[in-house]
Amino acid sequence: MFGLLPAQLPLLYDSGRKWFTIFCCVVLGPINCFVEAPFGRFTPSENSIFKSDIFVFDGIKSWIVMELVSPICFFYAFLNAPLSTGAPRPFSLGNPQSLLVGAYLVHYLNRALVSPLRTPSRSKAHIIVPLAAIAFNTFNGSLLGAFLSSPSAPPPSALARSSFWIGMALWAAGFAGNVIHDEILLNIRRHAKSKGKAKEAGTTSPGEHYAIPHGLLYRYISYPNYFCEWVEWLGFAIAADPRMMYAIASGSWSLPTWSTLVRGPPSAFLPLLSPPWLFLISEIILMYPRAHRGHLWYLNKFGDSYPKERKIVIPFLL
């Protein structure tokens, strides 16, 4: 794999895990707090620093391309099993490994193909968005695939653990919630298109229509699709690697010093922060700033019509 010797692959894996964590938490996270990612309702306007027609692409096509990168990298790493020693663990339907791979595949089948192909329209995106997403998905997909094909992946005996089934139940509930709440947004676009409202005055970008979503968790938060996706990947992480959950619950997990994190060997970098947990943490860090700005956008656009009791992304709390 990658033309490296077997002894070098664990170092590549740990280095990728370390610097992917640092980059998401220290670079991308703060940037997202101050810069609006130029897509969706924040598609570049005439006065935006990102405005340039040659760098703005079709929203649906760019979304499909950038999201397909993750499953491609995942399966490449999974099939090559770079962290396995000796004969790879047999893969069969019905074991914990196959259930987790199936959950991952179902999510990205919907995210990369089903959802965008069912979307009536999607705002254009600046090239910086798909490029950043491709970089993120390359690392994330590769790390997850390497982990789930490694000796650290759940063994067959994990089927007897309550934590595995609790995690899979959370994944299923989160996935269903994500799809259902996305459907509410799609119905707004479908209704606007059928009524010929897609180009009415006051929309954020030509060809798009925005309205106040209602129903289910939209009663409590502005971004239930984000919340449900976090629940989904929390469940996935619990099922795939419950060690982090046990350490947090027992109070035995603590952050080392910044110097140790950066200067220490990659193999010693937060050993319990496996790729499933890293994916969850990076999603929260990268998605919350956009949810916060989107919530403010709703309040500014709809004024007193927007329900003031709605929180941003976690019901009753945040």
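None of the figures in this text is laboratory data; all of them are computed from the coordinates on show. Predicted, not measured: the structure shown is a model, and the values here were computed from it. Positions of Cβ are backbone-derived with ideal geometry, glycine not excepted, and every protein chain shown enters the neighbour counts.
At R0 = 25 Å, how high is the FRET efficiency between TYR220 and VAL106 if r is their beta carbon distance? Nearest 0.05 is fine.
Plugging the Cβ-Cβ distance into 1/(1 + (r/R0)^6) gives 0.40.
Given the Cα-Cα distance of ALA211 and GLU183 and 0.36 nm per residue of separation, how much length would full extension add, in nm?
Numbers: separation 28, 0.36 × 28 = 10.08 nm, distance 1.38 nm.
Difference between extended and current length: 8.7 nm.
Between the alpha-carbon centers of the range 269-290 and the range 101-160, tell me the distance in whole angstrom.
Cα centroid to Cα centroid, the span is 14 Å.
What number comes out for the charge environment of LEU144, summing +1 per Lys or Arg and -1 per Asp or Glu over other residues with Cβ under 13 Å away? The partial results should precede the final answer.
Working: positive: ARG17; negative: ASP241, GLU283.
Once all neighbours under 13 Å are counted, the net charge is -1.
Please find the FRET efficiency linking TYR76 to LEU272, where r is the Cβ-Cβ separation and R0 is fixed at 25 Å, and quote it to the nearest 0.05. Mind dumping the intermediate values first?
Values: r = 26 Å, r/R0 = 1.03.
Once rounded, the FRET efficiency stands at 0.45.
Show me 11-22, 63-74 ranked by packing, highest mean number of other Cβ atoms within 10 Å first.
Top of the packing list down: 63-74, 11-22.
Based on the mean of other beta carbon atoms within 10 Å per residue, what is the order of 238-244, 161-167, most packed first? Present the calculation step by step, with values, prior to reporting the outcome.
Details: 238-244: 22.6, 161-167: 16.7.
The peptides rank, most packed first, as 238-244, 161-167.
What FRET efficiency do you get for LEU299 and VAL26 if R0 is 25 Å and r is their Cβ-Cβ distance, rounded to the nearest 0.05?
In this case the efficiency is close to 0.25.
Using amide H atoms built in the peptide plane, which far-off residues or other-chain residues are under 5 Å from ILE221 H to H?
Here LYS311 satisfy the definition.
Taking 0.36 nm per residue of separation and subtracting the Cα-Cα distance, what length does fully extending ALA247 through THR85 add?
Details: separation 162, 0.36 × 162 = 58.32 nm, distance 2.70 nm.
The span from ALA247 to THR85 would gain 55.6 nm if fully extended.
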